[in-house]
Amino acid sequence: MKRFMLLCSSLFLLLSLAAQDGTKLSNDSSLALYRASFPHINDLVNTKLDVKFDYSKSYLYGKAWITLKPHFYPTDSLSLDAKGMDIHEVSLLKSNSRSPLTYNYDGSTLNIHLDRTYHHKENYTVYIDYTSKPNELKHQGSAAITDSKGLYFINPLGEEKDKPTQVWTQGETESNSAWFPTIDKPDQKSTEEIIMTVPAKYVTLSNGRLISQHKNTNGTRTDTWKMDLPNAPYLFFMGVGDYAIIKDSYKGREVSYYVEKAYAPVARKIFGLTPEMIAFYSRVLGVEFPWVKYAQMTARDYVSGAMENTSATLHTDALQQDARELTDGNKYEEYVAHELFHQWFGDLVTTESWSNLTVNESFANFSETLWNEYKHGKDAGDETNYLDLRKYLADPSNPSKDLVRFHYRDREDMFDMVTYSKGGRILNMLRNYVGDSAFFRSLNLYLVTNKYKSAEAQNLRLAFEEVTGQDLNWYWNQWYYGSGHPKLDIHYAYDDVKKLAMVTIGQTQGTGKIFRVPLAIDVYEGKAKHRNQVWLTKPEDTFYFAYRQRPDLINVDGDKIVLCEKKDDKTLANFIFQYRYAGLYMDRREAIEYCSDHQDDPVALELLKTAMKDRYYGLRNLTINSLDLDKPAVKSAVEPILADLAHHDPNRTVQAAAIEQLDSYKKTEYRDFFIQKASDSSYSVAGNALEALKAIDPDEAYRLAKQFANQPARGNLLSAITDIFINAGDTSYQSVIIEGYSKMALSQDKIDDLPHFVVSLLNIQNDKQFKKGIDAIIKLLKEIPPSQQKEFNAAVNENLLKPLAGRKDADGFKAQADYVRAKME
Ligand SMILES: [Zn+2]
């Protein structure tokens, strides 16, 4: 599963403060509970479902044939998860007849008395006739309240114009038992057959192969999907809707993309790298893609970012970027990579419990680094790795959590930045420690040993130990079954008489726990690099290195791989050398960050000028955004480079960043250039150019904004148009803005635009328009994944809605304020 980063830009600080407040440890008894592995009494063998959808009631009418066997001990009873259903019949299947079984049902568990005691070599099949009513489920008030319906009817009656009618399912963590009776635990596996009867105008998607389609006389069609390899119940999937299906292939197997028809022309720009990804992952893992086909579908009103249902991934419709958005590159390529890697890590080998979620999600997270490194180069991979490290560090509660956790409040809490971002870094660090070939050989062994079964973090350790011949308990105990990370304090001293360098590294995390860290220390005399392999084992370690001439640089953690925070007292000269000769993404990034803190120094400024033309666009962007143009020396020194990048950089995001900075020069000589760029195909470039134009020629900017308001606009362009209308005091285009914002799919941009959008509502006199704007915000709040909804709502309420509601006494705004108050409740 992949979640949105909602903690962003302007809301980021507010949210993280709110989070700190809200997460004060309560004396929560659920935390004291040890989360044991789920006991196996019966094991699933096969699940056959025959389902029909009632769009008028949002019901599913289902018949289930569930084949099971006792796990080991003989048993005469069976418990199935079946949430909020009407149960019409429970019987035992006997050759050609059904014999009724006695059962009791409490609305969530179906306890069945079998006709006799069964032994573990005996299969038996129960038949259940039921109705699933996902919208009437009684929830237990968990944080995951709205995303545990399992089955979702989107616009089922077609009442919402411009929104397609869709049905889709979301099983993780234990929600699929809302639409079929099963043992809804991740350590169960079952083969599967799903027979779906749907309106004939729709297409269907499920796990495995589509084996038959049968047209009925009543305007419906019956599709049968068969999955003949075992997979976990939470990975079962159904999707139904009006989609275009774009087909690619991988080694003769179908690779398909289900998108809304308007996006058919750009589907390959969004998903088209999938076959190459399958080939890459299959090759490095030495395990061929395990399933008969691979399909990806988009969903309206999706409750998460994406979900790796076996061979049938479901994504948020934010992936449906239009052609202009895709000019900047596919922002969701990592989603495609992440869900695909799950097809091995999660689907082929599945976590045996939510405590061990790392064996699913840390791998999927790590796969984003792996893919970017392969496809876009080492700099891109290193950037992914670093940005994820920062996500883990951003939340101060993260360092207190073990990666494998047997105590948690709610299983949904396991889907956090420790499991994802920290876990992904732990794997990347392990790859560096054992070496690429041992790493991938170990992953291969883990997959082959545990395929079609479930596994925990210890299975991974055993695979690594078998391949490397080393005891790795220390690594697992420290990183998987332990918490936190080292905070390193690094100092250098040189004795030119003895020709000896001294490096001291202190661990200052202050938790009493000292980390064992293998570390490369590179000593540079001129361009000649000597690598020294050392271990940190003490609160403070000291290392000595002999030299002929005083080193230009001593680079601690030469591969920039250690999961840590650090204070490194390098000099400016060290950093400049590091940028030039150490050369990794992180080496250059550290130098840029140091120099951007010392922009008054002409030597540092010179490095920034060099870095503005760094070979990697991510570092060009970093440098451009770190320039302090309030300093006259900086401002005049970088202008020609900014102008050059704004015109000619091959990457549109760099052009956009450069234009944004040129904005602060307020020079009329850029007027024609900004006008030209305001029509750029990239929303980022166009939006920033329009915004920059506003400062030097507001009339022309206003004229262009009116012109652009008649076309679809997203991202920066939408923000710029909104901003210009607000500044012009023009409310005649307000409806365009409100309509546009309301229609935008949930995405990072939409969240980033929110504060601008709220500001635009401040001047609206028309109450009807205003209410529509508030409704658009409320709609957004409902789209936020439930696990993040509470925090996000609190921040929006406090910082955006409260000020609007507070205008009660201001002239003319009472009705609006009342409306906001009502909605806030
Ligand atoms: Zn995932």
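In segment 655-782 the Cα-Cα distances spread across 10 Å bins starting at 0 as 14, 46, 31, 9, 0 percent of all pairs. Taking each residue as 0.36 nm, the span from K567 to N123 lengthens on full extension beyond its C-alpha to C-alpha distance by 153.7 nm.
With a 1.4 Å probe and every protein chain left in place, work out the accessible area per residue of the chain in Å², rounded to a whole number. Mind showing how you got there, number by number?
On the way: 33270 Å² over 825 residues.
Solvent-accessible surface per residue comes out at 40 Å².
Across the options N330, F673, P275, the greatest Cα extent toward the positive end of the charge dipole of the chain (unit charges at beta carbon of Lys, Arg, Asp, Glu) belongs to P275.
Can you list which of the trypsin sites (Lys or Arg not before Pro) found in segment 36-141 are DSSP loop residues with at most 12 other C-beta atoms within 10 Å? Could the numbers behind the result be given before it?
Values: sites: K48, K52, K57, K63, K83, K94, R98, R116, K121, K138; in loops: K57, K83, K121, K138.
Answer in residue order: K121, K138.
The H on the amide N of N42, modeled in the peptide plane, is under 5 Å from the matching H of H71, each at least 5 residues off or on a different chain. When the Cα positions of H407, A438, M417 are compared along the charge dipole of segment 393-456, A438 comes out farthest toward the positive end, with charges on each C-beta of Lys, Arg, Asp and Glu. For segment 111-211, the dipole from Cβ point charges (+1 on Lys and Arg, -1 on Asp and Glu) about the Cα centre works out to 120 debye, to the nearest 20. A 1.4 Å probe, protein heavy atoms only, puts the accessible area of L326 near 20 Å². For the chain, what class follows from the C-alpha gyration tensor (a ≥ b ≥ c being the square roots of its eigenvalues): rounded when a/c is under 1.5, otherwise prolate if a/b is larger than b/c, else oblate? Because a/c hits 1.5 or more and a/b fails to exceed b/c, the chain counts as oblate.
Shape verdict for segment 770-820, please, from the Cα gyration tensor: rounded (a/c under 1.5), prolate (a/b greater than b/c) or oblate. Because a/c hits 1.5 or more and a/b fails to exceed b/c, segment 770-820 counts as oblate.
Working value for segment 563-644: equivalent-ellipsoid semi-axes of 21, 14, 11 Å, each the square root of 5 times a Cα gyration tensor eigenvalue, largest first. Scalar couplings 3J(HN,Hα) for segment 227-234, obtained by applying the Karplus form with A = 6.51, B = -1.76, C = 1.60 to θ = phi - 60°, are 10, 9, 10, x, 8, 6, x, 5 Hz; x denotes Gly and Pro. For segment 599-658, the gyration tensor built on C-alpha atoms gives a prolate shape. Its axis ratio a/c (a ≥ b ≥ c) is at least 1.5, and a/b is the larger of a/b and b/c. Our coupling estimate for segment 264-271, obtained by passing each phi through the Karplus curve with A = 6.51, B = -1.76, C = 1.60 and θ = phi - 60°, is 4, x, 10, 4, 6, 5, 8, 10 Hz, Gly and Pro reported as x.
Judged by the mean number of other Cβ atoms found within 10 Å, the most tightly packed of the peptides 610-620, 296-306 leads the ranking 296-306, 610-620.
Only Cα pairs under 8 Å and 6+ residues apart enter the sum, and on that basis the relative contact order of segment 41-81 stands at 47 percent. Sorted on the mean count of surrounding Cβ atoms within 10 Å across their residues, most packed first, peptides 65-77, 642-654, 531-543 read 642-654, 65-77, 531-543. With the whole protein complex present, S99 retains an accessible surface near 30 Å², based on a 1.4 Å probe.
Which pairs, out of K706/K779; K527/K666; K631/K802; K613/K782, put more than 32 Å between their alpha-carbon atoms?
Working: K706/K779 26 Å; K527/K666 43 Å; K631/K802 37 Å; K613/K782 42 Å.
Those over the limit are K527/K666; K631/K802; K613/K782.
Quote the FRET efficiency, to the nearest 0.05, computed for K635 versus I211 with a Förster distance R0 of 56 Å and r equal to the Cβ-Cβ distance. Efficiency computed from Cβ-Cβ geometry: 0.25. In the chain, a dipole from Cβ-located charges (positive for Lys and Arg, negative for Asp and Glu) runs towards its positive end, and of A264, G558, I128 it is I128 whose Cα lies farthest in that direction.
With the helix formula -39500 (n - 2.57) applied to DSSP H stretches of n ≥ 4, the chain reaches a computed 222 nm mean residue ellipticity of -11000 deg cm²/dmol.
Once the C-beta distance of A200 and H530 is scaled by a Förster radius of 56 Å, the resulting FRET efficiency is 0.20 to the nearest 0.05.
Quick one: with all protein chains in place, what share of the accessible area of the chain is carbon or sulfur, to the nearest percent (1.4 Å probe)?
Working: 16730 of 33270 Å².
Roughly 50 percent, rounded to a whole number.
Distance between the C-alpha centres of segment 52-122 and segment 591-638: 67 Å, rounded to the whole angstrom. Under 5 Å between amide hydrogens, built in the peptide plane, is the criterion, and for A200 it picks out T220, R221 among residues at least 5 positions away or on other chains.
Summarising the amide proton neighbourhood of Q509: residues at separation of 5 or more, or on other chains, whose placed amide H is nearer than 5 Å comprise K487. Between S437 and S397, the simple label model (points 7 Å from Cα in the Cβ direction) yields a spacing of 4.6 nm. Take the Cα of R703, step 7 Å toward its Cβ, do the same at K613, and the gap between the two points is 3.7 nm.
Each residue of segment 170-185 is assigned a 3J(HN,Hα), and the resulting list reads 9, x, 5, 8, 9, 9, 5, 5, 7, 10, 8, x, 6, 9, 8, 10 Hz, derived from the Karplus form 6.51 cos²θ - 1.76 cosθ + 1.60 (θ = phi - 60°), x at Gly and Pro. Put simply, the convex hull of the Cα atoms in segment 388-457 casts, on average, a shadow of 5.7 nm². Judged by the mean number of other Cβ atoms found within 10 Å, the most tightly packed of the peptides 700-708, 430-438 leads the ranking 700-708, 430-438.
Its alpha carbons considered, segment 182-319 gives a radius of gyration followed by a Dmax of 15.2, 50 Å.
The values are calculated or read from the model by the stated rules, or taken from the named source; none is laboratory data. Quick caveat, the model's predicted, so the values are computed rather than measured. All Cβ positions, glycine included, derive from the backbone under ideal geometry; neighbour counts span all protein chains shown. In case anyone asks, the SASA skips ligands and DNA or RNA and just uses the protein heavy atoms, side chains included. Shrake-Rupley method; radii C 1.70, N 1.55, O 1.52, S 1.80 Å.
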